[in-house]
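This report concerns only the one structure given below.
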Amino acid sequence: MPELPARNAAEHIDEAELLRRFEEKKRLFEKAGGRVEAKEIFRGVFRDQAKELAPSSPPSPSLAASPATSAGSRALPGNDQALNDLIGIALARGILPAVRKAEAETPYLIDALHDELADHYYEKLVAAGKLRPQ
C-alpha cells in the first residue's frame, strides 16, 4: 500500500491522533456494554477526523438527490473509476484535494471515499501491528 507523504500534515490524517480517538471510542463502547466491530469503530473515527480536515458543504440545489442518485453512489455512472481517482489523489496529495474534487464533480462520492480510505488505513494499521482486529 502506498505510504502517505508528509508534505502537508494539515491535509493528511494524523495516525497517532486517529489511534488515540479509536482507543477512546472503543473504551466508551466497552464501558457501555456495547459490542461493535473494531473496523466499524475505526470507520466512524476516521470519518470524523476526515471531516475535520475537509468539512464538506451540503450539495447545491442543482445537485440535490434525484431518484437516480438517492440510492447512493452506486447509481452514478463510472463511479468506480471516479472513486479510484479520488483515492489516488487522497493518498498522493491529501484528503482535502480529493474531497474538493469530489464536491466539485459528484458530492455523493465523498462517503464512499471516506469508507475506502478508512478501510485502507485500518488494513495498514493492522498490518503494522498497531491495531488488533476483533
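The values are calculated or read from the model by the stated rules, or taken from the named source; none is laboratory data. Keep in mind that this is a model prediction, so the values were computed, not measured. Cβ sites come from the backbone with ideal geometry, for glycine too, and all protein chains shown count toward neighbours.
Table for the structure above
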| read-out | value |
| --- | --- |
| Per-region count, the stretch 84-107, residues under 11 Å from His12 (Cα atoms) and either in contact (Cβ under 8 Å) with a residue 60 or more places away in the chain or not hydrophobic (A, V, I, L, M, F, W, C) (or both) | 7 |
| Condition check for Asn79: within 14 Å of Lys101 (Cβ to Cβ) and at pLDDT below 85 | yes |
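Quick grid of which residues meet (1) in contact with a helix residue (DSSP H, G or I) (Cβ under 9 Å, 6 or more places away or on another chain); (2) at pLDDT 85 or above; (3) not in a helix (DSSP H, G or I):
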| residue | (1), (2), (3) |
| --- | --- |
| Glu23 | no, yes, no |
| Leu28 | no, yes, no |
| Phe46 | yes, yes, no |
| Pro59 | yes, no, yes |
